């Protein structure tokens, strides 16, 4: 992410963007502090909805998580980043016939395709499942300067005041935010908090993550999928 602070016009645009995502009547969201939950019923549902190959991909994700809980955190980042970056890219219109749809990790592995939000959020929940603390992870909305479009990445903070590492589907390498001058941060969130970007390292907390309507919808679908019955 760019090391430059946002100029007033960018802050204004970010504020408008946040306002467009906020619900007037706020529902209490479910924070998945423990990450993803797997079951035989979930695997059966995946096979019914997406086929045997999709079921196998979810089993692979489960094994990735179970085999990685005791690894160093940098190794966890590398493995999870590589796992999801091999998924092909496609737009929400092509995949879901919607302008903006945040697919769950199970939906991503079902269609085996994703857009930028899907990569970032799937990595977030997988790392939570491997024991990475929630306060070290932020799903971060940015402007990708080279593409001149909105983009989303996952930022990992080894400590609150240090420069984060960026996990991005556009680039395979995980690098510090200061080395991503092509990304301008706008806002970030995790399961608990929402921040408006100030610079590449820090943000100003502006509320709870459950203020984001797409995040609420996402959590509801993910909870439903993990609680599916045979």
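The values are calculated or read from the model by the stated rules, or taken from the named source; none is laboratory data. All figures in this text were calculated on a predicted structure; none of them were measured in a lab. All Cβ positions, even for glycine, are placed from backbone atoms using ideal geometry, and neighbour counts span all protein chains on display.
Details
- Residue that is modelled with the lowest pLDDT, among those in the stretch 181-223 that are exposed (fewer than 15 other Cβ atoms within 10 Å of the Cβ), more than 22 Å from residue 133 (Cα to Cα) and over 18 Å from the mean Cα position of the chain (by Cα): 198
- Scanning the stretch 155-180 for residues that are in contact (Cβ under 8 Å) with a residue 40 or more places away in the chain and in a strand (DSSP E or B), we see that the one that is surrounded by the most Cβ atoms within 10 Å (Cβ to Cβ) is 167.
- If the condition is being under 23 Å from residue 42 (Cβ atoms) and out of contact with any helix residue (DSSP H, G or I) (no Cβ under 6 Å at 6 or more places or on another chain), then the stretch 65-78 contributes 66, 67, 69.
- Those helices (runs of 4 or more DSSP H) of the stretch 72-138 in which at least 1 residues are surrounded by 22 or more Cβ atoms within 10 Å (Cβ to Cβ), considering only elements entirely within it, cover 73-85, 105-111, 116-129.
- Among the residues of the stretch 60-71, the ones that are surrounded by 14 or more Cβ atoms within 10 Å (Cβ to Cβ) and assigned to a helix (DSSP H, G or I) come to 5 in all.
- Enumeration of residues in the stretch 51-66 that are within 21 Å of the chain's Cα centre (by Cα) and free of Cβ contacts under 8 Å to residues at least 40 places away in the same chain: 59, 60, 62, 63, 66
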